[in-house]
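Structure record follows, encoded as structure tokens.
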Amino acid sequence: MPVEFLGIAATNDGSETTPRSGAAFDKEYTLRLARAHEDHGWDRVLFAYGSGSPDPAPAAAYVAGRLDRLQLLLAHRPNVSYPTFAAKTFATLDRISEGRLTVHFITGGNDREQGREGDTLTKDERYARTREYIRIVKKIWTTHEPFDHEGEHYRFHDFVSDVFPVQQPRPNVSFGGSSPAAYAAGGAEADIYCLWGEPLARTAEQIENVKAAARAAGRTDVPRIQVAFRPIIAPTEELAWEKAHRTVGAIRRRRGSGVVRHHRDAARAAEPQNTGSQRLIAIAEAGERYDRALWTPTAAATGGAGNSNALVGTPETVAQALLDYYDLGVDILSARGYDLLDDAIDFGRYVIPIVREEVAKRDAERHAQRDERTGRTPQTLSAVRG
């Protein structure tokens, strides 16, 4: 199966290690970073969502109108707009991008962050709302006659959109989470299921949970799996590990200065509310290094905030580590460095080509084995076609 790479579409140059040098929405930097991804082999970039951050939808539209190939993953929280409005926004953006949009729905794992924009539902209520929201959006994208909806969280009558996506029947839906409620919602509704980078054995367990949830929802297919990491690469193993320790030191200094407002308030709570962060902290407490290259101190330093486990080593080592996840059934690999621009370029130059080449070899071997089992050789296939 093909492999895809997801990067980050940040709107400024700030990160966990470095304060931003300009405004929260730096138009020139936003485009420069996106273009670096497009020029260096990445497939798509994520426009993330935060309660006080620049609105990702117009940022995505700005990039879409200036780049030709890069696909867009737009994060969206159901609490911030009604689904009828959101569905039109997404369809319009798919039109602007000529069919390059995927929508990532965020249920929200932190009550305080959700409350900043007036969301007072409990976590379970939020998951129920997200499932209803996604179903409505999908129906609006694919229905050309007016319809009514009477649900637990949304009610409307006689609605039909006048703008439809370029992609048919609709754009893909992305979803993430590590709790039973998340597996149930994403297993039922998602085309792509997103996980944070964990050790291989734990990732395999999560993949099985997603597949089981999809089967329980009556699906005959399963979501594609995406896993996210923070790569730290250098020309030698020694230099990579020196860079890794410098990175953690910079994260800790930034935290200690009190100037960083941490993602989802993970740094303010003794234990984060969302299951994914709890898992990252538990993994970090159990050990620093796992498998080929997974390193947990970056996650520990941020309180398990979001995508924070690192892969450390040379480009070859990190590429082989990513291939280990590919062999588990992961075919979308998300990566984001700490120097957003330079790391995106380096990863694109030195890691992505290795992974793509090895995936092509694996696919060719699988096809050859399948043909051997079925007795279909190149000669017999030519005869059939002739």
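The values are calculated or read from the model by the stated rules, or taken from the named source; none is laboratory data. Since we're looking at a predicted model, the values are computed, not measured. Note that each Cβ is placed from the backbone with ideal geometry, even for glycine, and that neighbours are counted across all protein chains shown. All accessible areas refer to the heavy atoms of the entire protein, side chains included, with ligands and DNA or RNA removed. Shrake-Rupley method; radii C 1.70, N 1.55, O 1.52, S 1.80 Å.
Taking amide H atoms as placed 1.01 Å from N in the peptide plane, the amide H of Phe5 lies under 5 Å from those of Asp43, Arg44, Leu333, each 5 or more residues away in sequence or on another chain.
Which chymotrypsin sites (Phe, Trp or Tyr not before Pro) in segment 153-194 sit in a loop by DSSP (not H, G, I, E or B) and have at most 11 other Cβ atoms within 10 Å of their own Cβ?
none
Test of understanding: express the Cα radius of gyration of segment 180-313 as a ratio to 2.2 N^0.38 Å, with N the residue count. Spell out each step's value before the answer.
Details: Rg = 16.4 Å, N = 134, 2.2 N^0.38 = 14.1 Å.
After normalising by residue count via 2.2 N^0.38 Å, the value is 1.16.
Using the 1.4 Å probe convention, the accessible area of segment 36-194 works out to 40 Å² per residue with neighbouring protein chains retained. Residue by residue, segment 79-96 carries 3J(HN,Hα) couplings of 6, 8, 7, 6, x, 5, 5, 4, 4, 5, 4, 5, 5, 5, 5, 5, 5, 4 Hz when phi is fed to the Karplus relation 6.51 cos²θ - 1.76 cosθ + 1.60 (θ = phi - 60°); x denotes Gly or Pro. Shape summary: segment 100-194 maps onto an equivalent ellipsoid whose semi-axes, from the alpha-carbon gyration tensor, are 24, 17, 12 Å in decreasing order.
Listed by chain and number, the aspartates and glutamates whose alpha-carbon sits under 12 Å from that of Lys27, ignoring those within fewer than 8 places in the same chain, are Asp13. Across Ile354, Ile251, the residue with the most accessible area heads the list, and the full order at a 1.4 Å probe is Ile354, Ile251. Under conditions of 37 °C and 0.692 mPa s, segment 1-131 yields 209 µm² s⁻¹ as its translational diffusion coefficient, taking Rh as the Kirkwood radius over Cα pairs in the Stokes-Einstein equation.
Shown here are the Rg and Dmax of the Cα trace of the chain, at 21.3, 72 Å. Cα convex hull, segment 289-377: 108 Å³ per residue, rounded to a whole number. Please sort by residue number the trypsin sites (Lys or Arg not before Pro) in segment 92-135 whose DSSP state is loop and whose Cβ has at most 16 other Cβ atoms within 10 Å. Passing both the DSSP loop test and the Cβ count: Arg116.
Roughly what percent of Cα-Cα pairs across segment 1-46 reach past 17 Å? Mind showing how you got there, number by number?
Details: 397 of 1035 pairs.
Everything past 17 Å amounts to 38 percent.
Using the Karplus relation 6.51 cos²θ - 1.76 cosθ + 1.60 with θ = phi - 60°, the per-residue 3J(HN,Hα) values for segment 289-306 come to 10, 9, 6, 7, 8, 6, 10, 9, x, 5, 5, 4, 5, 9, x, x, 7, x Hz, with x marking Gly and Pro.
Of the GluC sites (Glu not before Pro) found in segment 267-326, the ones in coil according to DSSP and having at most 12 other Cβ atoms within 10 Å of their Cβ are Glu288. Estimated from helices alone, the mean residue ellipticity of the chain at 222 nm is -15000 deg cm²/dmol (sum of -39500 (n - 2.57) over DSSP H runs with n ≥ 4, per residue).
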